[in-house]
Structures are given as C-alpha cells and as structure tokens.
Amino acid sequence: MDSDQELAYDYSPRFRVYKNGQIQRLVAETFVPPSLTPQNGVVSKDAIYSPEKNLSLRIYLPHQTLETSEANKKKKKLPLLIYFHGGAFIMETAFSPAYNTFLTSTVSAAGCIAFSVDYRRAPVAEHPIPIPYEDSWDAVKWIFTHVAGSGPEDLVNDHADFRRVFVAGDSAGANIAHHMAIRAGEENGSIKFSGMTLFHPFFFSKAILEEQEDGVRRYMEGIWEIVCPNSKKGVEDPWINVVGSDLSGLECGRVLVMVAGKDLLAREGRVYAEKLEECGWGGRVEVVETEDEDHVFHIRNPDSDNARLLVQRFAEFLRQVCSDDKE
C-alpha cells in the first residue's frame, strides 16, 4: 500500500483521515432541500454568499411574515440570527437534517429570520483552520450587505432588522460564533451583534485535557491536529484555547452559554463565562446547564423534552435581548 494511503487517524464510526490528508466520512450525509412550503410554520431558501468558493447559506423565515407582507404591503422586520453548525469542523453541513430541524424549530419559536451558514470543512490537505473562520466571516459580511435594504436577497432586505442581530452556534459552530464576535470587535466597523448564544462550545486547552483519561486526551488532541495541522501551539492555540485569550473585545452586549452536565467540555463553557465577567468586557453573561445530558444532545435527539426546553430557552433569550434593546 502507498504510504499516503495509510491511515493517520481512525475515528470510526465517524471518519478516517489518511496520511495524504484526505478524509473519509463514514456517516452518510443527506442534503435537505429548502422549502417554500411551510414546515412548522417556517419557509426556507438558499442563497450563495461566495460565488468564487461556491458557498451557500440557508435563510429561514416565518411563513406568516410573508403572508402579512403580501396582505398589508408592509414589510415586517424581524430579529436576525446568524447560526454556525457544529461537527468538530469536519462533519455535518448547514443543510443536513439535524440542522434543518433545529433552525426550523428555533425560527418557529423565536419569530426571527435566521441564516444557517455553510463553510468549508477541514480535511487536512484542503481546508485547515483558519479557513472555516474565513468562510464564516465572508458569510457575515454578505449578510450585512443588506443593512441599507439594497442587498442581493430581497427576503433579507425586506425582513431583517439589523438593529437586532444575534450570532450563535453549537460545538465547533459555537467556537466560530465566538471568533466572529471577536473579529467584529477588532474590525470596529458596521458589524455589531446584540447577543450571542453558545451551545456546548468546542473550547479546550492543555489544562482541561490533562484531567482526562489518556484515551480521551489523545482523541481530543487528534481532532485538533486534524483540523489545524500547522498550529505551533497545539491545544494551546488561541483558536481552540479561547478561555486563555483576551475576551474583552467581544462585540455583543449579552451572552448565553449553554452547557450539558455530562459533556467533558462543560467546564470550559463555565470558565468562559467567568472570564467574560472578569475581563472588563462590560456585557451580561448567563450560563444554563442541562443536567444528565451530553454534548449537543439537542441536535442528536431533537424530539426529547430537554431539547424542546433548550429551544424555548434560546427563543426567550432572543426575545429578552430584543426587549431590553427597545428600552
């Protein structure tokens, strides 16, 4: 066998990575098409945000909003949610059944317009870190081209309220969401977020891994080596060791951190919230823990009672921040 075809990492039953940098995803990936036929009262449409990279996002909107606009000729403005999917930077897409279900449920509960961003994932040879962040920032900038009501997508021009913009994600997507809020602060431009929600954020460091069993530590270190092979700092890299970084420039006023009691990453989520309170950021942060649940349980089992409660809590957060902003 050619040495390049030899296994470098075997993460069966999810994926394998070969020494030539190619990845073999072992879980079938299903594309769920958008639908203008309401699902749970929500319609969806895909739009290309980066033609040169052939990258798209999915727009979700309450169907009632379209009906009201057509009947009254008045365009109803809704809070805007930008969402990044999880999957360790390797698995899942914005168009998979799990994320289509989650975003549909969220938009139905919160009454917002949402964007589910697809980004290039990280096989070693093709799209290593920081490419997923660069793609995600391109998506954010595309969305904000609609701020004056003259962007390329009429649904966004007509219904997105850029005074009430939220960023969110789960697992690796939560990691991306954090870095988008940091970059918005660094850019010091027109991109501003009212709030951010991180579901079971994919943050870790050498300190947390040293507390784990050898097998768990090697598993997590291996994931980071796959997605960020050129990192000189390993798991101390600021892309992943978020709690060891300066958080004071986070561009949003309210943060909700969701953690799961059985998730080994829950500690980092709690520490992240503590660091936000201590760093001089100046906003408000809240941690909500779901006991007896594991990492991204709401994505894996969306019909569970705890998953429904999580969606409702997320919707409450969006509504509360919007209400506070009006005061």
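The values are calculated or read from the model by the stated rules, or taken from the named source; none is laboratory data. Keep in mind the model is a prediction, meaning the values are calculated, not measured. Here the Cβ is made from the backbone with ideal geometry for all residues, glycine too, and neighbour counts use every protein chain on show. Ligands, DNA and RNA are stripped out before the accessible areas are found, and what is left, the full protein with its side chains, is counted by its heavy atoms. Shrake-Rupley method; radii C 1.70, N 1.55, O 1.52, S 1.80 Å.
Any chance the range 40-55 includes a residue that's surrounded by 18 or more Cβ atoms within 10 Å (Cβ to Cβ), touching a residue at least 60 places away in the same chain (Cβ under 8 Å), polar (S, T, N, Q) and not in a strand (DSSP E or B)? Checked against the condition, which is being surrounded by 18 or more Cβ atoms within 10 Å (Cβ to Cβ), touching a residue at least 60 places away in the same chain (Cβ under 8 Å), polar (S, T, N, Q) and not in a strand (DSSP E or B), the range 40-55 yields no hits at all.
From the list G189, G195, pick out the single residue that is in the same structural domain as E316 (by the TED database) and touching a Lys or Arg at 6+ places or on another chain (Cβ under 7 Å).
On the way: G189 fails: touching a Lys or Arg at 6+ places or on another chain (Cβ under 7 Å).
Answer to the selection: G195.
Residues that are touching a Ser or Thr at 6+ places or on another chain (Cβ under 9 Å), crowded, with 20+ Cβ neighbours inside 10 Å and under 15 Å from A168 (Cα atoms) within the range 268-321 comprise V296, H298, I299, L310, F314, F317, L318, V321, listed in sequence order.
Every listed requirement among (1) in contact (Cβ under 8 Å) with a residue 60 or more places away in the chain; (2) surrounded by fewer than 21 Cβ atoms within 10 Å (Cβ to Cβ) is met by I226 save one, (2). Selection of first residues in the range 91-111 that are more than 30 Å from P128 (Cα to Cα) and of second residues that are basic (K, R) and open to solvent by 30 Å² or more (accessible area, probe 1.4 Å), restricted to Cβ pairs under 7 Å at least 6 apart or on distinct chains, gives the following pairs, ordered by first then second residue: A110/R319. Within the set D154, D135, the sole residue that is more than 26 Å from V288 (Cα to Cα), more than 15 Å from the chain's Cα centre (by Cα) and assigned by the TED database to the domain that holds V271 turns out to be D154.
Would the range 67-77 turn up any residue that is of a type in the set (A, V, I, L, M, F, W, C) and closer than 19 Å to N40 by Cα?
Of the range 67-77, the ones of a type in the set (A, V, I, L, M, F, W, C) are 71.
After this cut, where a residue has to be closer than 19 Å to N40 by Cα as well, the list is none.
Scanning the range 67-77, I find no residue that is of a type in the set (A, V, I, L, M, F, W, C) and closer than 19 Å to N40 by Cα, so the answer is no.
Cβ-Cβ contacts under 7 Å between residues 6 or more apart (or on different chains), taken from a first residue in the range 162-186 that is in a strand (DSSP E or B) to a second residue that is open to solvent by 10 Å² or more (accessible area, probe 1.4 Å) and small (G, A, S), are listed as R164/S194; V165/S194; F166/S194.
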